[in-house]
């Protein structure tokens, strides 16, 4: 176990870059076409009508900030926790849609014809990302993040 802990610190860099990249890629389509994303959010039939547009406008920008800060390794634990919370919400929404047999696209990376339909595979993918986010909550940015550099700098 003693050897595993330093290895997890080095795993933090690829985990941060990968997960941050996923969130940056996901926010891109939502930011450039918020109305299509609002339609995706509405098709899940979870949120009240009054929250759909607000969610469609704010969520992509939150994903942008969280993704960028994860890649930089700045405030890593807090951003990984936000990432984990978003993923839990996404997993619950997808599970609910599958339970009620709603045939809809994920809304994660694209809308319309380019989007893929939700499935159990979508849940497993998000659970994998959740595991990475929880690793980052636990271990932080690792040695190659701004968090580590800020901690080491003299006050």
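How many of the residues in the stretch 1-13 are touching a helix residue (DSSP H, G or I) at 6+ places or on another chain (Cβ under 9 Å), closer than 19 Å to residue 70 by Cα and either surrounded by fewer than 21 Cβ atoms within 10 Å (Cβ to Cβ) or at pLDDT 95 or above (or both)?
3
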Check whether at least one residue in the stretch 94-103 is surrounded by fewer than 16 Cβ atoms within 10 Å (Cβ to Cβ), more than 17 Å from residue 125 (Cβ to Cβ) and in contact with a helix residue (DSSP H, G or I) (Cβ under 8 Å, 6 or more places away or on another chain), and report yes or no. yes
What do you reckon, is residue 18 touching a helix residue (DSSP H, G or I) at 6+ places or on another chain (Cβ under 6 Å), in contact (Cβ under 8 Å) with a residue 60 or more places away in the chain and either surrounded by 14 or more Cβ atoms within 10 Å (Cβ to Cβ) or within 23 Å of residue 148 (Cα to Cα) (or both)? no
Scan of the stretch 125-155 for residues that are part of a helix (DSSP H, G or I) and more than 14 Å from the chain's Cα centre (by Cα), ordered by number: 138, 139, 146, 147, 148, 149, 150, 151, 152
Being at positive phi and out of contact with any strand residue (DSSP E or B) (no Cβ under 9 Å at 6 or more places or on another chain), is that true of even one residue in the stretch 37-60? yes
With the first residue restricted to the stretch 128-155 and required to be on the phi > 0 side of the Ramachandran plot, and the second required to be at pLDDT 80 or above and part of a helix (DSSP H, G or I), Cβ contacts under 8 Å at 6 or more apart or on different chains are 140/12; 140/76; 140/77; 142/11; 142/12; 142/13; 142/16
Residues being within 19 Å of residue 126 (Cα to Cα) and buried (at least 20 other Cβ atoms within 10 Å of the Cβ) - total across the stretch 60-70: 5
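The values are calculated or read from the model by the stated rules, or taken from the named source; none is laboratory data. Keep in mind the model is a prediction, meaning the values are calculated, not measured. All Cβ positions, glycine included, derive from the backbone under ideal geometry; neighbour counts span all protein chains shown.
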